[in-house]
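Engineer: Mind having a look at this structure? Questions to follow.
Read-outs throughout are calculated quantities, based only on the coordinates presented, and are distinct from any laboratory measurement. Keep in mind the model is a prediction, meaning the values are calculated, not measured. Cβ sites come from the backbone with ideal geometry, for glycine too, and all protein chains shown count toward neighbours.
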Amino acid sequence: MNIKNILFSTQDKFKVVGVENGFDQLRIYVQSKQKNSVCPNCCMPSRKVHSYYTRTFHDLPAFGKASLLFLRSRRFYCLTDECALGVFSERFSTYFSPYKRRTSRLEKKLLNMALNAGGKPAERLCKQLSISISDTILLRLIHNAAIPEQETLTAIGVDDWAYKNRDRYGSILVDLHTRKIIDLLPDREESTLRKWLKEMPGINIITRDRYGKYQKAATKGAPQTQQVTDSKTITVRDGSSEDKATLEVNNPSTRLKETKFRY
Ligand SMILES: [Zn+2]
């Protein structure tokens with residue numbers, strides 16, 4: 001089997017021109033087979049090559065080794081007279097995004113690990129998988145990721161998190177139904193959380209600790225919500241046919257179907 005068909009799908013316009021099998025690293029050399037590329041400014045295609053250069057990407061590990069892809073890319077002249085971009089770098093519809101150092105399929109896996117395990121645990125998992133990455137970068141992936149379906153949020157938890165050197169803190173927001181991190185705020189200020197809450201009118205439950213600024217932010221930014229404090233363990237139960245969530249705090253006696261989680 002052609003190694004190109006292992007790395008890419010048969011429709012992808014790339015070819016593998018070499019593989020070096022290092023002690024702990026696979027180095028894979030790839031070329032583009034696109035006939036042209038579309039200018040990101042005027043959206044017109046061009047075939048007129050300006051120059052060649054090599055981009056380096058971390059990719060999914062294979063056989064216990066880290067994978068590095070070396071992609072030979074081109075710069076093209078833009079042929080549109082009025083276009084402000086005289087020269088632009090080649091664009092790809094899959095795998096390789098502009099300005100990135102990791103393939104999109106690797107970033108997707110890293111984001112899922114960070115969302116499910118958190119920064120430090122995900123960093124340790126990555127090390128086991130021969131992926132070298134810090135928890136700071138994993139958290140940045142979460143921060144830069146598109147936030148899914150925020151308009152459906154009804155119950156959130158807020159807590160603080162420390163930057164690496166612990167000289168400042170941000171706020172972490174968790175969807176209590178999905179148990180997923182939904183946003184990271186850059187500080188613990190009342191105004192920041194209050195502004196965020198004002199854009200989420202569907203929220204009716206907030207769990208938080210006794211930090212005064214969170215309490216003020218929740219009261220002013222989302223006065224419709226029920227605020228829950230004291231315990232890190234809460235229970236959310238689907239309580240009615242109108243699909244309203246009923247909150248119970250540490251009520252082990254309930255016999256109805258329920259979901260327990262920590263944030
Ligand atoms: Zn152009």
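Engineer: What's the exposure ranking of SER104, SER93, going from fewest to most Cβ atoms within 10 Å? It would help to have the intermediate numbers written out before the result.
Structural biologist: Working: SER104 14, SER93 10.
By the 10 Å Cβ count, ascending: SER93, SER104.
Engineer: Follow-up question, since we're still on this one. Between the range 177-228 and the range 15-82, what is the C-alpha centre distance in whole Å?
Structural biologist: Result: 44 Å between the Cα centres.
Engineer: List the GluC sites (Glu not before Pro) in the range 85-158 that DSSP assigns to loop (not H, G, I, E or B) and whose Cβ has at most 16 other Cβ atoms within 10 Å. Which are they?
Structural biologist: On the way: sites: GLU90, GLU107, GLU123, GLU149, GLU151; in loops: GLU90, GLU149.
Those satisfying the criteria are GLU149.
Engineer: What are the radius of gyration and Dmax of the range 4-94, computed over its Cα atoms and given in Å?
Structural biologist: Values for the range 4-94 (Cα only, Rg and Dmax): 15.4, 51 Å.
Engineer: With all pairs of different alpha carbon atoms counted, what Kirkwood hydrodynamic radius in Å does the range 50-162 show?
Structural biologist: On the way: mean 1/r = 0.0598 Å⁻¹.
About 16.7 Å for the range 50-162.
Engineer: Now for a different question. Going through the range 158-206, which GluC sites (Glu not before Pro) have at most 12 other Cβ atoms within 10 Å and a DSSP loop state? Spell out each step's value before the answer.
Structural biologist: Working: sites: GLU189, GLU190, GLU199; in loops: GLU189, GLU199.
Loop-located and lightly packed - GLU199.
Engineer: Which of the trypsin sites (Lys or Arg not before Pro) across the range 116-220 are loop residues per DSSP, with 13 or fewer other Cβ within 10 Å?
Structural biologist: Numbers: sites: ARG124, LYS127, ARG140, LYS164, ARG166, ARG168, ARG179, LYS180, ARG188, ARG194, LYS195, LYS198, ARG208, ARG210, LYS213, LYS216, LYS220; in loops: LYS164, ARG166, ARG168, ARG179, ARG188, ARG208, ARG210.
Loop-located and lightly packed - LYS164, ARG166, ARG168, ARG210.
Engineer: Over 32 Å between Cα atoms: which of LYS108/LYS216; LYS33/LYS127; LYS127/LYS195; LYS4/LYS100; LYS35/LYS100 fall into that group?
Structural biologist: On the way: LYS108/LYS216 36 Å; LYS33/LYS127 34 Å; LYS127/LYS195 37 Å; LYS4/LYS100 22 Å; LYS35/LYS100 22 Å.
Those over the limit are LYS108/LYS216; LYS33/LYS127; LYS127/LYS195.
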